[in-house]
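Asks: Just dropping this structure here.
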Amino acid sequence: MAGESSSTTLTLTTGGITLLGVLLSVGAGVGGVALAFAIRSIFENFLAGVLILLRRPFRIGDEIVSEDHEGTVEHVNLRAVVLRTYDGQRVFIPNGQILSAPLVNRTAFAVRRSELVVGVAYDADLDEAVSVICRALAAAEDILDDPPPAALCSAFGDSAVELCVRFWHGATIEQAWRARSAAVLAVKNGLDSAGIAIPFPQLALRSPIPSAR
């Protein structure tokens, strides 16, 4: 038994370094690395939070977009920016990510512009179509008169000539959706009243030509 104990001691001890000591050293090294990364992340977010508070790229109540997240700013602290998404969820975005990723402040200005693509038939009078669309938008609610709405011929589609319709509205997401709905209704009703068709996509199916024998 004494021999077995001595053999075990020799196996676990080499040059005065025990296996337990090696494991503890490795564990301490891994833990130290993890702790260093954690401290670095905390410091980066703290510093980013200070810069955000100093630079003020947005304010409480602004609607912002940061990568895949979009919503209203509820709170800013030294660790994260708190967003309330439009579908009622709360998102915490680390300050470091806010500063390192592209940031869009949708409500930085009082108004912003939206676009809508409208197709009219190839046999339509394009000048008349543009005039009808602009008049319809000018009379629509939630769409601003200054800057005025515009309609520009933009492309030849498969079944229609495409017009890019541009209009200005309030900056919030609610104002944007109301204005877009008003624009669709106004353009559709205006073109219908003027007898200008909005063609729908058509798909032609042809049977294969039989091979000659």
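Asks: Do any strands (runs of 3 or more DSSP E) entirely within the range 44-126 hold 3 or more residues that are buried (at least 17 other Cβ atoms within 10 Å of the Cβ), and if so, which?
Replies: Details: elements: 63-66, 69-76, 80-85, 90-94, 103-105, 111-120.
So the answer is 63-66, 69-76, 80-85, 111-120.
Asks: Only one of 84, 79, 106, 90 is modelled with pLDDT of 95 or more and farther than 14 Å from residue 62 by Cβ. Can you tell me which? Step through it out loud before you land on a result.
Replies: Numbers: 84 fails: farther than 14 Å from residue 62 by Cβ; 79 fails: modelled with pLDDT of 95 or more; 106 fails: farther than 14 Å from residue 62 by Cβ.
That would be 90, the only listed residue that is modelled with pLDDT of 95 or more and farther than 14 Å from residue 62 by Cβ.
Asks: Restricting the search to the range 99-125, which residues are among the charged types (D, E, K, R) and within 14 Å of residue 176 (Cβ to Cβ)? Give the derivation first.
Replies: Within the range 99-125, the first condition is being among the charged types (D, E, K, R), and the residues that meet it are 106, 112-113, 115, 123, 125.
Across the range 99-125, the qualifying residues are 106, 112, 113, 115.
Asks: Quickly run through the range 127-167 and pick out the residues that are in a strand (DSSP E or B) and crowded, with 19+ Cβ neighbours inside 10 Å. I'd like the intermediate steps shown before the answer.
Replies: If we filter the range 127-167 for residues that are in a strand (DSSP E or B), which is where we start, we get 150-156, 161-167.
If the condition is that a residue be in a strand (DSSP E or B) and crowded, with 19+ Cβ neighbours inside 10 Å, then 151, 161, 163, 165, 167 are the ones that fit.
Asks: OK, next. Being within 20 Å of residue 168 (Cα to Cα) and free of Cβ contacts under 8 Å to residues at least 24 places away in the same chain is the filter here; which residues of the range 107-135 pass it?
Replies: Keep residues of the range 107-135 that are within 20 Å of residue 168 (Cα to Cα), which gives 107-118, 129-135.
Once the filter is applied, which keeps residues that are within 20 Å of residue 168 (Cα to Cα) and free of Cβ contacts under 8 Å to residues at least 24 places away in the same chain, the range 107-135 yields 131, 134.
The values are calculated or read from the model by the stated rules, or taken from the named source; none is laboratory data. Every value quoted in this text rests on a predicted model; they were computed, and no experiment measured them. Please note: Cβ atoms are built from the backbone with ideal geometry, for glycine as well, and neighbour counts cover all protein chains shown.
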